[in-house]
Amino acid sequence: MKLLRHGPAGAERPGLMHSDGTLRDLSGVVADIGGDVLSDAGLAKLRALDAGALPVVAAGTRLGACVAGTGKFICIGLNYADHAAESGMAVPPEPVVFMKATSAICGPDDPIIIPRTSVKTDWEVELAVIIGTKAKYVSEADAMAHVAGYCVSNDVSERAFQTERAGQWTKGKSCDNFGQIGPWLVTRDEVGDPQNLKMWLTVNGQSMQNGSTKTMVYGVAHVVSYLSQFMTLHPGDVISTGTPPGVGMGMKPPRYLVAGDVVELGIEGLGQQRQDVIAD
């Protein structure tokens, strides 16, 4: 099942994708895509609906972030061995955890906004995990039961803010529109093995990242279990699990985004995003 949120920014309505490829409105059924809706029971109720009887969402309607009520946007750094190498850093002995401000969250095709004074705005295609039920001190064996589904995430990053401003990654990760997620939340039953998904990103049509979640150091189950030892994960929390090689920072010479660029990215089975790059 593919769940989504559609409409103007700040006034999105819940929806889903019908088997015929049309988008259908769920606002007469649930208030939003979040909270109890993300539990197994909540998803089962949506799965049982006659999607063909739901109102059609007009073609061309803006899509917002695919989940609502995100209390935590957690990111895992250096989680692909080949990306760690291109960054000049060692693979960490435990997952590197940092937070991205939830105000960075936006729709999958909303623009990347280059902040004022930025000179090193970069891209990162990532697999995002969306929590469906409360997880605290869960084992790796039980971790996947707490996952509602997955989506595409662009962990946009300003490298100078991230690494040259007293080493606080959050500053380089939390600017407005640095967190495109969607287009849809694909429920875990439709994804199969999250550790075997192709992922890609282009800038102006040129391939930059072409990888797979197979090379992830710490897999989804491990990351969910690991994080739950330090903090309770709640429905709607988003975990962006790291990026494969091909980011601008790792190129020789480095390449960064400028106004007028177009970024496109996607993950096998999870859809794709397109972002115009604009200056703030």
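Results for (1) hydroxyl-bearing (Ser, Thr, Tyr); (2) touching a Pro at 6+ places or on another chain (Cβ under 9 Å), shown as yes or no for each residue.
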| position | (1), (2) |
| --- | --- |
| 160 | no, no |
| 171 | no, no |
| 188 | no, yes |
| 209 | no, yes |
| 233 | no, no |
| 252 | no, no |
| 256 | yes, no |
Given the conditions (1) within 20 Å of residue 92 (Cβ to Cβ); (2) within 17 Å of the chain's Cα centre (by Cα); (3) surrounded by 22 or more Cβ atoms within 10 Å (Cβ to Cβ), and given that residue 195 satisfies all but one, which numbered condition is not satisfied?
(3)
Yes or no: residue 113 part of a strand (DSSP E or B), of a type in the set (A, V, I, L, M, F, W, C) and touching a helix residue (DSSP H, G or I) at 6+ places or on another chain (Cβ under 8 Å)?
no
Output for the stretch 1-29, where each listed residue is buried (at least 21 other Cβ atoms within 10 Å of the Cβ) and either of a type in the set (Gly, Ala, Ser) or modelled with pLDDT under 95 (or both)
15
Need the failing condition index for residue 182 against (1) among the small types (Gly, Ala, Ser); (2) out of contact with any Gly (no Cβ under 9 Å at 6 or more places or on another chain); (3) surrounded by 24 or more Cβ atoms within 10 Å (Cβ to Cβ); (4) on the phi > 0 side of the Ramachandran plot, just the number.
(2)
Anything in the stretch 148-176 that is closer than 20 Å to residue 255 by Cβ and not in a helix (DSSP H, G or I)? List them, or say none.
154, 155, 156, 157, 158, 164, 175
Could you tell me whether any residue of the stretch 243-254 is over 28 Å from residue 39 (Cα atoms), surrounded by fewer than 19 Cβ atoms within 10 Å (Cβ to Cβ), among the aliphatic types (A, V, I, L, M) and touching a strand residue (DSSP E or B) at 6+ places or on another chain (Cβ under 9 Å)?
yes
Condition check for residue 186: touching a Cys at 6+ places or on another chain (Cβ under 8 Å) and hydrophobic (A, V, I, L, M, F, W, C):
yes
The stretch 97-111 residues that are surrounded by 17 or more Cβ atoms within 10 Å (Cβ to Cβ), paired with ones that are of a type in the set (D, E, K, R) and assigned to a helix (DSSP H, G or I) (beta carbon under 6 Å, 6 or more apart)
100/173
Can you work out which of the residues in the stretch 255-280 that are within 21 Å of residue 63 (Cα to Cα) and aliphatic (A, V, I, L, M) is surrounded by the fewest Cβ atoms within 10 Å (Cβ to Cβ)?
278
Residues that are more than 16 Å from residue 147 (Cα to Cα), in contact with a Cys (Cβ under 9 Å, 6 or more places away or on another chain) and among the charged types (D, E, K, R): does the stretch 5-13 have at least one?
yes
Of everything in the stretch 205-214, what is part of a helix (DSSP H, G or I) and surrounded by fewer than 16 Cβ atoms within 10 Å (Cβ to Cβ)? Give them in sequence order.
214
On the basis of being out of contact with any helix residue (DSSP H, G or I) (no Cβ under 6 Å at 6 or more places or on another chain), at pLDDT 95 or above and closer than 18 Å to residue 65 by Cβ, does residue 173 make the cut?
yes
Keeping to the stretch 254-271, report how many residues are part of a strand (DSSP E or B) and small (Gly, Ala, Ser).
2
Does residue 154 satisfy the condition of being among the polar types (S, T, N, Q), under 23 Å from residue 33 (Cα atoms) and buried (at least 24 other Cβ atoms within 10 Å of the Cβ)?
yes
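The values are calculated or read from the model by the stated rules, or taken from the named source; none is laboratory data. As the structure is a prediction and not an experimental result, all values here were calculated from the model. Cβ sites come from the backbone with ideal geometry, for glycine too, and all protein chains shown count toward neighbours.
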